Amino acid sequence: MHPSVIIQLAILAASQVLAAPAEPASQSYAVNILLEKRANPAPVTCGPSSDERAWPLQSVQNAFNALIANAPKDNADKPRAGNRYYPRRFGNPTPSDATVVAALDAIPECKTGQANMGYTEFPLTDPVFTGGATNSQGLDRVLAISGPPAADGTVTYTYCLAMTHRGHGAGDGGVDPCVNAP
């Protein structure tokens, strides 16, 4: 991994806790989204130079907020692209893409291998993804980490990074972390 990516990811790791209004839990979930942590989302550039896409900070924040807002919903009420509902789990339980794992491990709050923690992805689109046909979710995602619900049903999501399928063959599922824009 390029040293500037590691430095950018280390800078990204500085977190601050922001109170967010509680989302009403759906009837089948006893989950309240009460807190969100942000590891300082930043504007990003995703993909190789032959297929590069730059995302402004507002788009990254909007996608993370949509992940938070849609997480407690039943699949039937979540945005979907074909048969894929979002937000959705990423990794089983840990991502297998070496570059994504290295990027996550550079962020203390997002390190892989933490007990009872899992990763959740949501499309990074503009405007915010609200559902559509197969592949309408695009190639870029935001990735967050969360643990099990607390005793009061609260789930906390921490923004980790943006990632992309750009530069990978159709259907291979490969992803790479996006790079924070200067």
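None of the figures in this text is laboratory data; all of them are computed from the coordinates on show. Keep in mind it's a predicted model, so treat the numbers as computed, not measured. Because the Cβ atoms are built from the backbone with ideal geometry, glycine has one as well, and the counts that use them run over all protein chains shown.
If Pro149 satisfies all but one of (1) part of a loop (DSSP other than H, G, I, E, B); (2) within 21 Å of Arg53 (Cβ to Cβ); (3) of a type outside the set (Asp, Glu), what's the number of the condition it fails?
(2)
Could you list, in sequence order, all residues of segment 99-108 that are buried (at least 18 other Cβ atoms within 10 Å of the Cβ) and over 24 Å from His168 (Cα atoms)?
Of the residues in segment 99-108, the ones buried (at least 18 other Cβ atoms within 10 Å of the Cβ) are 100, 103-104, 106-107.
Correct list: Ile107 only.
Restrict the check to segment 162-174 and report whether at least one residue is in contact with a His (Cβ under 7 Å, 6 or more places away or on another chain) and over 25 Å from Pro72 (Cα atoms).
Yes, because at least one residue in segment 162-174 is in contact with a His (Cβ under 7 Å, 6 or more places away or on another chain) and over 25 Å from Pro72 (Cα atoms).
Looking at Val100, is it of a type in the set (A, V, I, L, M), in contact (Cβ under 8 Å) with a residue 12 or more places away in the chain and not in a helix (DSSP H, G or I)?
Against the criterion (of a type in the set (A, V, I, L, M), in contact (Cβ under 8 Å) with a residue 12 or more places away in the chain and not in a helix (DSSP H, G or I)), Val100 does not qualify.
So, in segment 127-182, of the ones that are among the hydroxyl-bearing types (Ser, Thr, Tyr) and over 13 Å from Pro41 (Cβ atoms), which residue ends up surrounded by the fewest Cβ atoms within 10 Å (Cβ to Cβ)?
Thr134
Would you check which residues across segment 113-144 are touching a residue at least 40 places away in the same chain (Cβ under 8 Å) and not in a loop (DSSP other than H, G, I, E, B) and list them?
Tyr119, Thr120, Glu121, Phe122, Pro123, Gly132, Asp140, Arg141, Val142, Leu143, Ala144
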